[in-house]
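The next block holds one structure in the form of structure tokens; read it before the comments.
The values are calculated or read from the model by the stated rules, or taken from the named source; none is laboratory data. All figures in this text were calculated on a predicted structure; none of them were measured in a lab. Positions of Cβ are backbone-derived with ideal geometry, glycine not excepted, and every protein chain shown enters the neighbour counts.
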Amino acid sequence: MFLAVDIGNTNVVIGLFKDTRLAARWRLATVRDRMPDEWWVDLVVLSQTQGLNLAEIEAAALASVVPPLTRVFTELLLERLGIEPLIVNGERHVGLPLRVENASEVGADRICNALGAIERYGAPVIVVDFGTGTTFDVVDDSGAYVGGAIAPGILVAFEALTQRAARLFTVALEPPERAIGRNTRESLRIGTLLGYAELVRGLIRRIREELGYPAPVVATGGLASLVAPLVPEFHAVEPDLTLHGLRIAYYRAQERSGPPSSSW
């Protein structure tokens, strides 16, 4: 088995692969001060509930935007499984040309998203990842990563608004039925979800114009399901894109081809 760990600012998403098939995926809250043993207990319990044996893990890769947890998971894997994980970053060769000003600034999750999208849909391709931030990643027709955009995440913007405005309050975010709200709750949903949908559609249009040719657009991330139904430009929603990208990165970094991806 192969272990993929995507460490984000809000969630840690962990995937266990059997060959190319994602056998299990777990989403845990990002807690920066947890010790390796605490994460290990969670992994043992989660794997046992699905009949999986962590001792069968032969390799692992990490994509992390939280440096303290990068060290924690590296220590965990070394001590518990004797595995040194591949740590994906912009300075490590994983078979993806990075045509940007500073490759070291490209987030590991963005590299993995691009790798996963290329394998699944070819190049060119655009990935929109809805997480703590909303990121746009662009791969040109040569298969090179050429940059993108970063916007505040949906929940980050929504919470900032409701916390700073005394007369506004938090509501459940659900797709609105119209663009003119009849009450405050409706207005908040419209402004947040329809507003974000138009932000996404506008950036997709501008990115395609700059590329100069059509490119499919793939949505991913924990909040993709909120906005994807409102964005007809999305070709597909791939919630596990980053995990698949981690698997691909590992095999490319080892300078050998990974198993065929037909089971994805």
Criterion violated by W39 - all others in (1) under 22 Å from P239 (Cα atoms); (2) buried (at least 17 other Cβ atoms within 10 Å of the Cβ) satisfied: (1)
Scope the range 213-237; condition in contact with an Asp or Glu (Cβ under 7 Å, 6 or more places away or on another chain) and assigned to a loop (DSSP other than H, G, I, E, B); matching residues: Y213, G221
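Test G122 against the stated conditions and say whether it is at pLDDT below 95 and not acidic (D, E). Step through it out loud before you land on a result.
Working: at pLDDT below 95: no; not acidic (D, E): yes.
When the stated conditions are applied, G122 does not pass them.
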Criterion violated by G51 - all others in (1) in contact (Cβ under 8 Å) with a residue 12 or more places away in the chain; (2) more than 30 Å from N102 (Cβ to Cβ); (3) out of contact with any Phe, Trp or Tyr (no Cβ under 7 Å at 6 or more places or on another chain) satisfied: (1)
Residue in the range 108-131 that is in contact with a Ser or Thr (Cβ under 9 Å, 6 or more places away or on another chain), surrounded by fewer than 15 Cβ atoms within 10 Å (Cβ to Cβ) and part of a helix (DSSP H, G or I) present: no
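Within the range 167-212, restricting attention to residues that are polar (S, T, N, Q) and either closer than 21 Å to F234 by Cβ or part of a loop (DSSP other than H, G, I, E, B) (or both), which residue is modelled with the lowest pLDDT?
Taking the range 167-212 first, the residues polar (S, T, N, Q) are 170, 183-184, 187, 192.
Filter once more, so that each one left must be either closer than 21 Å to F234 by Cβ or part of a loop (DSSP other than H, G, I, E, B) (or both): 170, 183, 192.
Details: T170: 65, N183: 87, T192: 85.
Restricting to residues being polar (S, T, N, Q) and either closer than 21 Å to F234 by Cβ or part of a loop (DSSP other than H, G, I, E, B) (or both), the top hit is T170.
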Given (1) within 23 Å of E105 (Cα to Cα); (2) touching a residue at least 60 places away in the same chain (Cβ under 8 Å); (3) surrounded by fewer than 18 Cβ atoms within 10 Å (Cβ to Cβ), number of the condition R32 does not satisfy: (2)
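Residues are listed down the side, and each one gets a yes or a no for (1) in the same structural domain as L223 (by TED's automatic domain parsing); (2) modelled with pLDDT of 95 or more; (3) out of contact with any Lys or Arg (no Cβ under 9 Å at 6 or more places or on another chain); (4) within 15 Å of V65 (Cβ to Cβ):
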residue	(1), (2), (3), (4)
H93	no, no, no, no
E105	no, no, yes, yes
R110	no, yes, yes, yes
A114	no, yes, yes, no
V127	yes, yes, no, no
T132	yes, no, yes, yes
F158	yes, no, yes, no
Index of the failed condition, L155 passing every other in (1) over 23 Å from the mean Cα position of the chain (by Cα); (2) in contact (Cβ under 8 Å) with a residue 12 or more places away in the chain; (3) surrounded by fewer than 19 Cβ atoms within 10 Å (Cβ to Cβ); (4) not in a loop (DSSP other than H, G, I, E, B): (1)
Close pairs (8 angstrom Cβ cut-off, 6 or more residues apart or separate chains): under 17 Å from G131 (Cα atoms) in the range 201-223, of a type in the set (F, W, Y) and surrounded by fewer than 20 Cβ atoms within 10 Å (Cβ to Cβ) anywhere: V218/Y121
